[in-house]
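The next block holds one structure in the form of structure tokens; read it before the comments.
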Amino acid sequence: GGVAIHLVLGAAAFDQLWLVRERGFDRAEIAQITGYIGVSAGVLGNLFGGIGSDWFTEKFKLGRPMFLFWIILIIFPLGIAGRLVAPDSIVFWIAIILGFFQLGTLYGPIFSTVQELAPVKIRATVVAFFILNLNLVGMFVGTTGAGILLDILIGMGIEEPYTKTLLFFTVLSG
């Protein structure tokens, strides 16, 4: 699941181009705005993911993967909507904020789950292998796949190729 989520993170390498070319933002301005949102929402997501998954696990006697399931289920539809609505819509900005928040939320529970499931003697190796897969499979396939899909869609003259590509990878990750 963590690797699948990183598919959209890899594809997000094209978010700035999407925001500029298809949503009409000034390059420098939107980079700064999304930077501020990313740091703020990401840090809040990290805290929420750690504290929330600990509380959820204790309160409901369910594992952290179930906590992640609910987070993704709740935020996923807004992520889809954010790719489709106009940038002057409140849904667009909520989706941007929640996208960074969700990403931050996932790390604590995902790494805790991997560590809880790994045998003590090889825990560090399992975590290292997991990180390798996040980057090698999730990020590489996401970035490379999105780039290839973009080239194909642009070559075919498809309207809004960035929107369609990022929407595809958002759905694939979900």
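Which of the following residues is small (Gly, Ala, Ser) and under 17 Å from Arg21 (Cα atoms): Gly99, Gly155, Gly108?
Numbers: Gly99 fails: under 17 Å from Arg21 (Cα atoms); Gly108 fails: under 17 Å from Arg21 (Cα atoms).
Sole residue among the options that is small (Gly, Ala, Ser) and under 17 Å from Arg21 (Cα atoms): Gly155.
Among the residues of region 137-152, write down those that are among the aliphatic types (A, V, I, L, M), under 19 Å from Gln16 (Cα atoms) and touching a residue at least 40 places away in the same chain (Cβ under 8 Å).
Met139, Val141, Ala146, Leu150
For region 117-135, give me the residue count where each residue is assigned to a helix (DSSP H, G or I) and free of Cβ contacts under 8 Å to residues at least 40 places away in the same chain.
Going residue by residue through region 117-135, those that are assigned to a helix (DSSP H, G or I) are 117, 120-135.
Add one more test, that the residue is free of Cβ contacts under 8 Å to residues at least 40 places away in the same chain, and what stays is 117, 120-129, 131-132.
Residues meeting the conditions: 13.
Are there helices (runs of 4 or more DSSP H) fully within region 1-111 with at least 2 residues that are under 18 Å from Leu172 (Cβ atoms) and open to solvent by less than 30 Å² (accessible area, probe 1.4 Å)? List them.
Details: elements: 2-11, 15-21, 27-60, 64-84.
In region 1-111, 2-11, 64-84 are the helices (runs of 4 or more DSSP H) which contain 2 or more residues that are under 18 Å from Leu172 (Cβ atoms) and open to solvent by less than 30 Å² (accessible area, probe 1.4 Å).
Any residue in region 8-21 that's farther than 14 Å from Gly99 by Cβ and of a type in the set (A, V, I, L, M, F, W, C): show its pairings with residues that are outside any helix (DSSP H, G or I) and at pLDDT 95 or above at Cβ separation under 9 Å, as long as the two are six or more apart or on different chains.
Partner pairs satisfying both residue conditions: Val20/Asp26.
Are any residues in region 136-168 touching an Asp or Glu at 6+ places or on another chain (Cβ under 8 Å) and not in a helix (DSSP H, G or I), and if so, which ones?
Of everything in region 136-168, just one residue is touching an Asp or Glu at 6+ places or on another chain (Cβ under 8 Å) and not in a helix (DSSP H, G or I), namely Glu160.
The values are calculated or read from the model by the stated rules, or taken from the named source; none is laboratory data. Small disclaimer: the values here were computed from a predicted structure and weren't measured. Note: ideal-geometry Cβ built from the backbone for every residue, glycine included; neighbour counts use all protein chains shown. For the accessible areas, the whole protein counts, side chains as well, though only heavy atoms, and no ligand, DNA or RNA atoms are used. Shrake-Rupley method; radii C 1.70, N 1.55, O 1.52, S 1.80 Å.
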